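Enquirer: Below is one structure. I have some questions about it.
The values are calculated or read from the model by the stated rules, or taken from the named source; none is laboratory data. Please read all numbers here as calculations on a predicted model, not as lab measurements. Reconstructed Cβ throughout: ideal geometry from the backbone, glycine too, with neighbour counts over all protein chains shown. Just so you know, the surface numbers come from the protein's heavy atoms only, side chains and all, with ligands and any DNA or RNA stripped out. Shrake-Rupley method; radii C 1.70, N 1.55, O 1.52, S 1.80 Å.
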Amino acid sequence: MYNDIRMAYKALYRTYRPTTFYEVVGQEHIVRTLKNALKENKIAHAYLFAGPRGTGKTTMAKLLAKALNCEEGIGHQCNRCSNCQAINEVSHPDVIEIDAASNNGVDEVRDLIDRVRYLPIKGRYKVYIIDEVHMMTSGAFNALLRTLEEPPAHVIFILATTEPHKILPTILSRCQRYDFAKVSDKDIKKRLTYVLEQEQVTYEEDAIDMIISLADGGMRDALSILDQLLAYSGHTLTSKDVLDVFALTSKEEKLKLINFIMHGDVGETLKMFREFVEHGNDIRKLLGDLLDIIKDIYTYRVTGEASLLLVLNEKEALSFENLANEDELLTMSSTLLEAQSEMKNVANARSLLEISLLKLTNLKHKLPQNSNEIEDEFVVVKKKEEVKPLEVKPIIQEIPLEPKIEEIKPTVQEDIESEPMHLFNEDEIIVDTNNFDPEESYHIDEEMIINAMIKGDKELKKNIISRWDELNKYLSSPTLGKYASLLKDARPYIATKELLFLEYDLDLIANRVNLKNNQKTISNLIKKITNKEFFVYALTRAETIAYVKKFRDLSQLGKLKKADEVTLDLKEIK
């Protein structure tokens with residue numbers, strides 16, 4: 001008796017699985033194409049359904065199998081005939097589901113092929129639905145290939161996968177491919193609302209929005225999350241239930257955290273973040289939520305349109321009106337995006353986000369106080385915060401250096417505007433790098449960069465860093481302010497007698513440094529603060545990380561040149 005009670009319950013995603021094409025949520029383009037193909041009797045012998053998990057691939061495969069075998073005719077899904085009912089109950093002898101994750105070998109596929117030649121027992125077609133097909137071995141793929149080339153007329157193959165790039169091209173070329181997209185938030189909300197009404201559950205709108213956020217475009221995930229919540233809360237669903245079950249942070253708490261950040265309150269920011277972590281919050285989810293909030297704040301700040309807000313309401317967006325300007329918000333977004341990008345490459349995600357939050361709290365101390373009064377197209381990159389992230393230094397130990405270079409001494413503190421103007425570019429700095437021509441920019445290849453790392457003089461670099469704040473006195477210059485601001489965003493990375501490499505967080509800013517029209521002024525400006533002349537070249541942080549890895553690999557393989565074997569010829573720079 002107890003077994004019957006346990007088996008009586010069906011999960012929501014199974015209970016509310018679509019039984020006809022009309023009930024499918026999202027994927028309208030696929031439904032329309034399949035319906036038209038069935039209507040015109042243009043039935044392929046093999047289909048590939050590819051897309052993220054929980055987006056309806058297996059469901060669509062079963063609906064197609066039903067439409068092929070319904071007793072009312074091809075294209076119908078009456079759900080009354082014996083064929084439709086048997087497919088719904090997963091008991092149809094001619095609709096065979098195979099999990100390739102556990103049946104991925106050659107023997108399993110050969111057994112399948114042996115059964116393919118037999119005619120259908122009950123329906124018109126034998127339909128083989130192979131889920132997670134990318135898990136099959138290459139031998140199994142090759143065994144399946146011959147059957148896909150010359151399949152019996154009564155057999156249809158439907159392959160489902162989340163990773164189509166792992167499938168052999170010879171298999172792909174023999175299938176009609178349908179790409180499933182993530183289900184839109186609007187469609188998920190509509191379906192969840194319907195399910196809650198059918199289950200007679202009262203609910204808060206915010207709770208549904210939280211479920212949608214957690215589901216990340218997966219309808220099945222959304223229903224599974226709802227199922228778990230209803231088991232916890234019964235017939236009333238609140239946002240607090242979602243927060244409690246999934247250890248999430250409320251929007252109010254995240255807004256409070258951002259408020260501390262924008263006030264530059266390091267102590268409260270760290271305290272609150274650590275409380276989030278101790279309560280089991282997902283760090284990656286928290287990072288994404290902070291990005292969404294900052295994006296909304298920026299959107300409202302620029303447009304004033306409450307209709308464009310996705311996370312915040314107008315009152316919440318207005319509460320940050322005087323705490324950060326547009327440029328600071330963009331810098332905050334860039335810092336968090338960088339952390340999000342690096343998250344998958346680090347072992348300690350908590351420390352990465354903690355450091356990123358520390359950089360954000362320091363923005364107020366580093367940006368010019370009159371940032372709102374500066375009016376030119378370079379202002380966005382000009383006011384980037386100066387807090388240096390953990391610097392990826394070249395892995396160079398005891399490399400022979402050039403003869404000792406005397407400590408760099410600052411030049412006489414004279415007004416930059418009194419300098420002969422032929423030393424500087426009087427034209428406006430070229431800032432439109434969204435459509436810039438590579439021919440207008442310098443390019444240094446990998447070999448020269450590795451050689452520069454070998455020749456790098458740490459003492460020289462240290463002295464340059466010690467003089468870097470000398471750029472501040474040129475920020476207010478009407479002629480050179482833009483160039484000084486551009487350099488202030490950089491971190492001196494490698495220094496040799498001839499070359500100075502700078503590291504930037506953003507490609508956009510690095511591209512500006514490398515424009516040929518800017519080299520003369522940038523080089524002379526750096527000469528003013530260091531009393532030495534360099535060719536200046538910018539690298540992005542992503543590039544420096546890649547070059548350090550390359551440097552380390554060459555070193556471990558014993559293929560790294562010695563310092564006295566390296567020459568740096570500026571004529572090779574293109």
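Enquirer: Does MET262 meet the test of being free of Cβ contacts under 8 Å to residues at least 24 places away in the same chain, among the aliphatic types (A, V, I, L, M) and under 20 Å from ILE355 (Cα atoms)?
Expert: no
Enquirer: Return the only residue of LEU515, LEU471, LEU486, LEU506 being closer than 25 Å to GLU338 by Cβ, touching a residue at least 40 places away in the same chain (Cβ under 8 Å) and open to solvent by 10 Å² or more (accessible area, probe 1.4 Å).
Expert: Selected residue: LEU506, the only one of LEU515, LEU471, LEU486, LEU506 that is closer than 25 Å to GLU338 by Cβ, touching a residue at least 40 places away in the same chain (Cβ under 8 Å) and open to solvent by 10 Å² or more (accessible area, probe 1.4 Å).
Enquirer: Okay, next question. Suppose we filter ILE129, ILE121 for residues that are touching a residue at least 24 places away in the same chain (Cβ under 8 Å) and surrounded by 14 or more Cβ atoms within 10 Å (Cβ to Cβ); which single one remains?
Expert: One residue alone meets the criteria, ILE129.
Enquirer: Please count how many residues of the stretch 180-204 are open to solvent by 40 Å² or more (accessible area, probe 1.4 Å) and not charged (D, E, K, R).
Expert: Residues that pass the stated criteria total 7.
Enquirer: Among the residues of the stretch 534-547, is there at least one that is in a loop (DSSP other than H, G, I, E, B) and either out of contact with any Lys or Arg (no Cβ under 6 Å at 6 or more places or on another chain) or surrounded by fewer than 23 Cβ atoms within 10 Å (Cβ to Cβ) (or both)?
Expert: There is at least one residue in the stretch 534-547 that is in a loop (DSSP other than H, G, I, E, B) and either out of contact with any Lys or Arg (no Cβ under 6 Å at 6 or more places or on another chain) or surrounded by fewer than 23 Cβ atoms within 10 Å (Cβ to Cβ) (or both).
Enquirer: Which pairs turn up if I take residues in the stretch 561-574 that are small (Gly, Ala, Ser) and look for partners that are modelled with pLDDT of 80 or more and in a helix (DSSP H, G or I) with beta carbon separation below 8 Å, at least 6 apart in sequence or on another chain?
Expert: Between residues of the stretch 561-574 that are small (Gly, Ala, Ser) and residues that are modelled with pLDDT of 80 or more and in a helix (DSSP H, G or I), the close pairs are ALA563/ILE454; ALA563/LYS455.
Enquirer: Okay, moving on. Kindly indicate the residue of the stretch 489-524 that is hydrophobic (A, V, I, L, M, F, W, C) and not in a strand (DSSP E or B) and also farthest from THR335 (Cα to Cα) among those meeting that condition.
Expert: The selected residue is ILE522.
Enquirer: Out of everything in the stretch 247-280 that is surrounded by 19 or more Cβ atoms within 10 Å (Cβ to Cβ) and outside any helix (DSSP H, G or I), what residue ends up being modelled with the lowest pLDDT?
Expert: My answer is LEU248.
Enquirer: Still on this model: Between residues in the stretch 56-67 that are under 15 Å from SER82 (Cα atoms) and residues that are open to solvent by 10 Å² or more (accessible area, probe 1.4 Å) and small (Gly, Ala, Ser), which pairs lie under 7 Å by C-beta distance while being six or more apart or on different chains?
Expert: ALA67/GLY75
Enquirer: Within the stretch 1-23, restricting attention to residues that are over 15 Å from ALA61 (Cα atoms) and part of a loop (DSSP other than H, G, I, E, B), which residue is modelled with the lowest pLDDT?
Expert: Here the residue is MET1.
Enquirer: Checking the structure you have, find out if any residue of the stretch 62-75 is open to solvent by 10 Å² or more (accessible area, probe 1.4 Å), assigned to a loop (DSSP other than H, G, I, E, B), farther than 21 Å from GLY123 by Cβ and out of contact with any Lys or Arg (no Cβ under 8 Å at 6 or more places or on another chain).
Expert: Among the residues of the stretch 62-75, not one is open to solvent by 10 Å² or more (accessible area, probe 1.4 Å), assigned to a loop (DSSP other than H, G, I, E, B), farther than 21 Å from GLY123 by Cβ and out of contact with any Lys or Arg (no Cβ under 8 Å at 6 or more places or on another chain), which makes the answer no.
Enquirer: Moving on to the next point. Just the residues that are touching a residue at least 24 places away in the same chain (Cβ under 8 Å) and either in contact with a Gly (Cβ under 6 Å, 6 or more places away or on another chain) or open to solvent by 70 Å² or more (accessible area, probe 1.4 Å) (or both), please, taken from the stretch 299-314.
Expert: Scanning the stretch 299-314 gives a single hit, VAL302.
Enquirer: Here is a list: ASP221, ASP241. Which entry is in contact with a helix residue (DSSP H, G or I) (Cβ under 9 Å, 6 or more places away or on another chain), under 18 Å from GLY280 (Cα atoms) and part of a helix (DSSP H, G or I)?
Expert: From the options ASP221, ASP241, the qualifying one is ASP241.
Enquirer: Tell me which residues, restricted to the stretch 491-530, are of a type in the set (A, V, I, L, M, F, W, C), closer than 21 Å to GLY456 by Cα and modelled with pLDDT of 85 or more.
Expert: Correct list: ILE494, ALA495, LEU499, LEU500, PHE501, LEU502, VAL513, ILE522, ILE526, ILE529.
Enquirer: Oh, and also: When you go through CYS78, CYS84 one by one, which is the residue that is open to solvent by less than 30 Å² (accessible area, probe 1.4 Å), in contact with a Cys (Cβ under 6 Å, 6 or more places away or on another chain) and not in a helix (DSSP H, G or I)?
Expert: Only one candidate qualifies: CYS78.
Enquirer: In the stretch 550-565, which residue that is open to solvent by 90 Å² or more (accessible area, probe 1.4 Å) and assigned to a helix (DSSP H, G or I) is farthest from ASN451 (Cα to Cα)?
Expert: Restricting to residues being open to solvent by 90 Å² or more (accessible area, probe 1.4 Å) and assigned to a helix (DSSP H, G or I), the top hit is GLN556.
Enquirer: Kindly list the number of the only condition in (1) open to solvent by 70 Å² or more (accessible area, probe 1.4 Å); (2) among the acidic types (Asp, Glu); (3) under 30 Å from LEU270 (Cα atoms) that fails for ASP241.
Expert: The number of the failed condition is (1).
Enquirer: Residues in the stretch 337-360 that are of a type in the set (A, V, I, L, M, F, W, C), part of a helix (DSSP H, G or I) and farther than 18 Å from THR269 by Cβ: how many?
Expert: Residues flagged as of a type in the set (A, V, I, L, M, F, W, C), part of a helix (DSSP H, G or I) and farther than 18 Å from THR269 by Cβ within the stretch 337-360 amount to 2.
Enquirer: Picking from THR161, THR170, which residue would you name as being buried (at least 20 other Cβ atoms within 10 Å of the Cβ) and of a type in the set (S, T, N, Q)?
Expert: Going through THR161, THR170 in turn, just one is buried (at least 20 other Cβ atoms within 10 Å of the Cβ) and of a type in the set (S, T, N, Q): THR161.
Enquirer: When you scan the stretch 293-326, how many residues do you find that are closer than 19 Å to ILE261 by Cα, part of a loop (DSSP other than H, G, I, E, B) and not charged (D, E, K, R)?
Expert: 8
Enquirer: VAL127 is checked against (1) farther than 30 Å from SER233 by Cα; (2) within 30 Å of the chain's Cα centre (by Cα); (3) among the β-branched types (Val, Ile, Thr) and fails just one. What number does that condition carry?
Expert: Among (1) farther than 30 Å from SER233 by Cα; (2) within 30 Å of the chain's Cα centre (by Cα); (3) among the β-branched types (Val, Ile, Thr), the lone unmet condition for VAL127 is (2).
Enquirer: Further question: Kindly establish whether GLY234 is surrounded by fewer than 17 Cβ atoms within 10 Å (Cβ to Cβ) and at positive phi.
Expert: Taking the combined requirement at face value, the residue satisfies it.
Enquirer: Can you name the helices (runs of 4 or more DSSP H) wholly within the stretch 129-199 that have at least 2 residues being small (Gly, Ala, Ser)?
Expert: Those helices (runs of 4 or more DSSP H) span 138-149.
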